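**Q** Sharing a structure below in structure tokens format, with a few things to ask.
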Amino acid sequence: MIEEIRQFVLESLRDMNYSTDGIADDTELGPAGADVESVVLAELVVRVEDHFGVTFGDDESDLLTGMTVGEFCRDVQGRIEPASAR
């Protein structure tokens with residue numbers, strides 16, 4: 001599942017005209033790494049929510065900016081697994 005999430009995240013970034021060259025699990029999403037702008041990060045979150053059926057709170061944007069790609073993917077996976085256990 002984690003690889004599916006990672007591929008979806010990278011494909012979504014490419015769809016939004018972000019280069020994913022050199023982006024690895026330890027690359028931060030925010031300015032220190034992939035330099036994903038807040039509006040693009042918000043769009044990425046909406047795409048992930050729609051595709052995987054998870055929800056992020058409006059107050060989580062600062063937290064997400066500081067995450068690495070790997071941390072974000074694991075966070076999404078953690079939100080999927082409890083939902084599928086219901």
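**Q** Find the residue count for the stretch 46-81, including only residues that are among the hydrophobic types (A, V, I, L, M, F, W, C) and not in a helix (DSSP H, G or I).
**A** Residues flagged as among the hydrophobic types (A, V, I, L, M, F, W, C) and not in a helix (DSSP H, G or I) within the stretch 46-81 amount to 3.
**Q** Just to be sure I understand the filter: pairs with C-beta atoms under 6 Å, separated by 6 or more residues or on different chains, first member in the stretch 9-20 and under 13 Å from V46 (Cβ atoms), second member at pLDDT below 90 and open to solvent by less than 90 Å² (accessible area, probe 1.4 Å). Which pairs pass?
**A** M16/V40
**Q** Separate question: If you check every pair at least six apart or on different chains, which have Cβ atoms under 7 Å apart with a residue in the stretch 51-68 that is on the phi > 0 side of the Ramachandran plot first and a residue that is at pLDDT below 95 and not basic (K, R) second?
**A** G53/A83
**Q** If I filter the stretch 45-52 for residues that are out of contact with any Ser or Thr (no Cβ under 9 Å at 6 or more places or on another chain) and open to solvent by less than 90 Å² (accessible area, probe 1.4 Å), do I get at least one hit?
**A** Yes, that holds for at least one residue.
**Q** Among what's in the stretch 53-83 and is at pLDDT 85 or above and among the hydroxyl-bearing types (S, T, Y), pick the residue that is surrounded by the fewest Cβ atoms within 10 Å (Cβ to Cβ).
**A** Checking each candidate, the answer is T55.
The values are calculated or read from the model by the stated rules, or taken from the named source; none is laboratory data. Computed from a predicted model, the values in this text were never measured in an experiment. A quick note on method: Cβ atoms are made from the backbone with ideal geometry, for glycine too, and the neighbour counts reach across all protein chains shown. Ligands, DNA and RNA are excluded from the accessible area calculation, which covers all protein heavy atoms including side chains. Shrake-Rupley method; radii C 1.70, N 1.55, O 1.52, S 1.80 Å.
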